[in-house]
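Visitor: Just passing along the structure, written as structure tokens.
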Amino acid sequence: MGDLTTAAAEDAAARGVEGAADGAEASSVESRLEGHRVELTGYCYRMLGSAFEAEDAVQDTMVRAWRNFEKFEGRSSLRSWLYRIATNVCLDMLTAGNKRARPVDLSGPTPLAQAALNPLPENTWLEPMPDGRVLPSAADPAEAAVARESVRLAFVAALQHLPPKQRVVLILREVLAWKAAEVAELLDTSVASVNSALQRARATLAEAGERGPDTADPLDEEQRRLLERYVAAFEGYDMKALTALLHEDAVMTMPPFDLWLRGHDDITGFMLSIGASCAGSRLVATVANGTPAFAHYKPNPDGPGFVPWALQVIDIQDGAITGMHCFLDTPRWFPLFGLPETLDADGKAADGKAADGKAAVEE
């Protein structure tokens, strides 16, 4: 928002805009534009698969909209006009051909005996996103459920397999419930072309055939108990208890490393070998991509307290944990999620508030 304010001030100065009336009008325009920021960020995130690129795309959209607002003649709604700008920004960003993915999209699982941590460049990976930055408040529970489902990691990863314009069509039609005629107008194409693109996009997603995790909000009692048991097992490094919570085909991924593991035996075996330094960790509950998540702090090797290690995005399905997606680039993720930089020896953040995964789950 700061960049938009700066752009507004620069443009006002360049035009010699003075007086309270002009200031009030500028503030009103900025407020109207900002009112769409969250939903536009969600749209751009689904398009790009990157939290930071999505926010850059929305900021570019806002600045373009501000600077061209006088040309907006109201022939469409402000929302439609902003989506048109955002779509063009995203399509321009996607011309480089980069397609973000999860480790499970790039190779088969690695047996524990062959496990090696090979990092790949940051722009390889699908990125996590805080719910609050991409999910607008929705009074309709069904609408809110669709929104959460459409930002889960598996769905956003599947979208990356679609050509960019098919991606636009599917998101606008299936997620945001636009009419075919509205999408056709946005893309300057025909309704028949939109319908054809939607059919092809649906067919591609159907071929993936991946069932998504449960995305209940709020969590039901069974899910809360499962997560409480997960926190207790992980923090206690109790592999027997953890095994009881994991689906037999559960996966663990660790971007930026391409390694991923399948099955509770390999997961717990990894945690007791290569990952043994995580014993005694603390988890702090958060939410990401419409599903439960935890900030993982491991014991500080240089003194008391705990230091950031991973952002864990948890998949739950049919009463079991099916995915532990551990994003290790904590200097990027913890500030984005508003998480404490460190925890003290009592598991508290610098502000003195308790940072307890179990307590946060219960809330």
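Visitor: What relative contact order, as a whole-number percentage, does the range 86-195 give when Cα pairs under 8 Å and 6 or more residues apart are counted?
Guide: 23
Visitor: At 0.36 nm per residue, and after removing the present C-alpha to C-alpha distance, how many nm does the segment from Glu341 to Ala116 gain when stretched out fully? Mind dumping the intermediate values first?
Guide: On the way: separation 225, 0.36 × 225 = 81.00 nm, distance 2.81 nm.
Taking Glu341 through Ala116 to full extension adds about 78.2 nm, to one decimal.
Visitor: Just for the range 209-349, what percent of DSSP beta bridges are antiparallel, to the closest 5? All intermediate terms of the calculation are to be shown ahead of the outcome.
Guide: Details: 25 of 29 bridges.
That works out to approximately 85 percent antiparallel.
Visitor: Using a probe of 1.4 angstrom, how much of the accessible area of the chain is carbon and sulfur, in percent?
Guide: Numbers: 8490 of 16890 Å².
Within the chain, the accessible surface is 50 percent carbon and sulfur.
Visitor: Mean separation of Cα pairs under 8 Å and 6+ residues apart, divided by the residue count of the chain: what relative contact order is that in percent?
Guide: 15
Visitor: What is the dipole size for the range 112-221, taken about its Cα centre, with +1 at each Lys and Arg Cβ and -1 at each Asp and Glu Cβ, in debye to the nearest 20? Walk me through the numbers before you get to the answer.
Guide: Values: 10 positive and 16 negative charges, 103 e Å.
Approximately 500 debye in magnitude.
Visitor: Using a 1.4 Å probe, what is the accessible area per residue for the chain, in Å²?
Guide: Values: 16890 Å² over 363 residues.
Spelled out: the 1.4 Å probe surface of the chain, per residue, equals 47 Å².
Visitor: Report the Stokes-Einstein translational diffusion coefficient (µm² s⁻¹, integer) for the range 273-345, Rh taken as the Kirkwood radius over Cα pairs, at 10 °C with viscosity 1.306 mPa s.
Guide: 124
Visitor: Assign unit charges at the C-beta atoms only (+1 for Lys and Arg, -1 for Asp and Glu), then state the dipole size of the chain relative to its Cα centre in Debye, rounded to the nearest 20.
Guide: 820
Visitor: What is the spin-label model distance, in nm, from Arg64 to Ala145 if the labels are put 7 Å beyond Cα along the C-beta direction?
Guide: 3.5
Visitor: Calculate for the chain the 222 nm mean residue ellipticity that helices alone would give, adding -39,500 (n - 2.57) per DSSP H run of length 4 or more and normalising by residue count, nearest 500 deg cm²/dmol.
Guide: The helix contribution divided over the chain gives -14500 deg cm²/dmol.
Visitor: So, one more: Can you give the local net charge around Ser273? Use residues other than it whose beta-carbon is closer than 13 angstrom to its beta-carbon, Lys and Arg +1, Asp and Glu -1. Walk me through the intermediate numbers first.
Guide: Working: positive: none; negative: Asp265, Asp266.
With Lys, Arg at +1 and Asp, Glu at -1, the net is -2.
Visitor: Give, as ranges by residue number, the residues of the range 237-280 whose backbone N falls under 11 Å from the point 7 Å along Cα→Cβ of Leu106.
Guide: In the range 237-280, the label zone of Leu106 (backbone N under 11 Å from the point 7 Å along Cα→Cβ) covers 254-260.
Visitor: Hey, another quick one. Answer with one residue from Leu48, Ala232, Pro136: the one whose Cα lies farthest towards the positive end of the charge dipole of the chain, charges on Cβ with Lys, Arg +1 and Asp, Glu -1.
Guide: Selected residue: Leu48.
Visitor: Let me ask another. Classify the chain as rounded, prolate or oblate from the Cα gyration tensor: take a ≥ b ≥ c as the square roots of its eigenvalues, call it rounded if a/c is under 1.5, otherwise prolate when a/b beats b/c and oblate if not.
Guide: Verdict is prolate for the chain.
Visitor: A further question on this structure: Taking the Cα atoms of the range 206-289, report the difference between the largest and smallest coordinate on each principal axis, in whole Å and largest first.
Guide: On the principal axes, the range 206-289 reaches 37, 32, 23 Å in Cα extent.
Visitor: Mind checking the range 196-294 for trypsin sites (Lys or Arg not before Pro) that DSSP puts in a loop (not H, G, I, E or B) and that have at most 11 other Cβ atoms within 10 Å? Numbers along the way, then the final one.
Guide: Numbers: sites: Arg200, Arg202, Arg211, Arg224, Arg225, Arg229, Lys240, Arg262, Arg282; in loops: Arg211.
Of the trypsin sites (Lys or Arg not before Pro), the ones in loops of the range 196-294 whose Cβ has at most 11 other Cβ atoms within 10 Å are Arg211.
The values are calculated or read from the model by the stated rules, or taken from the named source; none is laboratory data. These numbers were taken from a predicted model, which means no experiment stands behind them. FYI the Cβ positions are ideal-geometry reconstructions off the backbone, even for glycines, and counts take in every protein chain you see. Remember, those area values only see protein heavy atoms, side chains included, never the ligands or the DNA or RNA. Shrake-Rupley method; radii C 1.70, N 1.55, O 1.52, S 1.80 Å.
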